[in-house]
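I have placed the structure first, in the form of structure tokens, so that the comments after it can refer back to it.
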Amino acid sequence: MELKLRNPLIFLDLETTGINIASDRIVEISWLKVHPGGEEKIKTQLVNPTIPIDPQATAIHGLTNEDVKDAPAFKEIARSLANEFEGCDFAGYNSNKFDLPLLAEEFLRAEVDFDLMKRKFIDIQVIFHKMEQRNLAAAYKFYCNRTLEEAHRAEADTIATYEVLKAQLDRYENLENDVDFLAAFSAQSKNVDFAGRIIYDDKGVEVFNFGKYKGRPVEEVLATDPGYFGWIVSGDFPLHTKKVLTNIKLRALKK
């Protein structure tokens, strides 16, 4: 089934130095851009992370420090990526929890103003887990009846993710061929920040989703415990979480 799109849809996969969203870096990025009307374009780019690649990460994706030493750093390609992704929605496999949050961190470190939170996100893993409870290789075999060669390389995983989504739409009648529907269906929470440290409650109020103030409104906590803001901003939290918290604080001060 071909996708019904109002905006271009970016299928994205990252290979990284590790799995810490706040501190790890991209070493390879691959994206497949699908336009309304069906035109497709795929590109893969090695990235110099400027920090060592964890050997455990290399064991998964096969990329070494030597492989990426001559590649551009993310800050060198950030503006061109932002231009390429402008006006697009996004899809990936476990992308809501990992790829997109980490990509947002990279843009913030590069000081390129690209607000991913304005876009729609489709997480194919969430759809798969709701329907079948398996991983990408199994999903590719199950939906497409093919073996995923070169698993854990960005381009192979990106193409497989695109093909799985189309096969899911063919298989499940209750899945609508609509980006808004698929984004809502594959959303697992009402995150305010990518990492889910701050979420919306049932009334649409921003509340903390961790720690001693879990479930408490953010504005209320910042008013009664001003030091909590400083603790988060100076701590080992994702840059996007700090940015969101700062925006909430500034908004409250203007009231």
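Please identify every one of the GluC sites (Glu not before Pro) in segment 1-75 that sits in a loop by DSSP and has no more than 15 other beta carbons within 10 Å of its own beta carbon.
Within segment 1-75, the qualifying GluC sites (Glu not before Pro) (loop, at most 15 other Cβ atoms within 10 Å) are Glu2, Glu39.
For the charge dipole of the chain, defined by +1 on Lys and Arg C-beta atoms and -1 on Asp and Glu C-beta atoms about the Cα centroid, which residue among Ser234, Val47, Pro8 has the Cα displaced farthest towards the positive pole?
Ser234
So which lysines can Lys4 reach, going by Cα to Cα under 18 Å and dropping same-chain residues fewer than 8 places off?
By straight Cα distance, Lys4 reaches Lys33, Lys41, Lys120, Lys166.
Of Lys97, Lys214, how do they rank once you tally other Cβ atoms within 10 Å and put the fewest first?
Sorted ascending by nearby Cβ count, the order is Lys214, Lys97.
Starting from 0.36 nm per residue, how many nanometres of slack lie between Ser234 and Thr50 once their C-alpha separation is accounted for?
64.0 nm
Only four residue types carry charge here, +1 at the Cβ of Lys and Arg and -1 at the Cβ of Asp and Glu. Report the dipole size of segment 9-186 about the Cα centre in Debye, rounded to the nearest 20.
In debye, rounded to 20, segment 9-186 gives about 240.
What number comes out for the charge environment of Arg251, summing +1 per Lys or Arg and -1 per Asp or Glu over other residues with Cβ under 11 Å away?
Around Arg251, the charge tally is +1.
In what order do Val34, Val221 fall by count of nearby beta-carbon atoms within 10 Å, going from fewest to most?
Listing Val34, Val221 from fewest to most nearby Cβ atoms yields Val221, Val34.
Treat the count of other C-beta atoms within 10 Å as a stand-in for reagent exposure and order Tyr213, Tyr93, Tyr143, Tyr162 from fewest to most.
Tyr213, Tyr162, Tyr143, Tyr93
Taking the Cα of Asp180, stepping 7 Å toward and past its beta carbon, and measuring to each backbone N in segment 3-31: which are under 14 Å?
5-7
Evaluate the distance, in nm, between pseudo-label points positioned 7 Å from the Cα of Glu220 and of Lys69 along their respective Cα→Cβ axes.
5.6
What does the extension gain come out to for Glu84 and Ala187, with contour length at 0.36 nm per residue minus their alpha carbon separation?
34.7 nm
Give me the net charge for the shell around Glu111: Cβ to Cβ below 15 angstrom, other residues only, Lys and Arg +1, Asp and Glu -1.
0
Please give, to one decimal in nm, the separation of the simple spin-label points placed at Met131 and Ala22, each 7 Å out from Cα toward the Cβ.
3.6
Only the coordinates and a few stated rules stand behind these numbers; no lab work does. Since the structure is predicted, the reported quantities are computational estimates derived from the model, not experimental observations. Neighbour counts run over all protein chains shown; Cβ positions are idealised from the backbone, glycine included.
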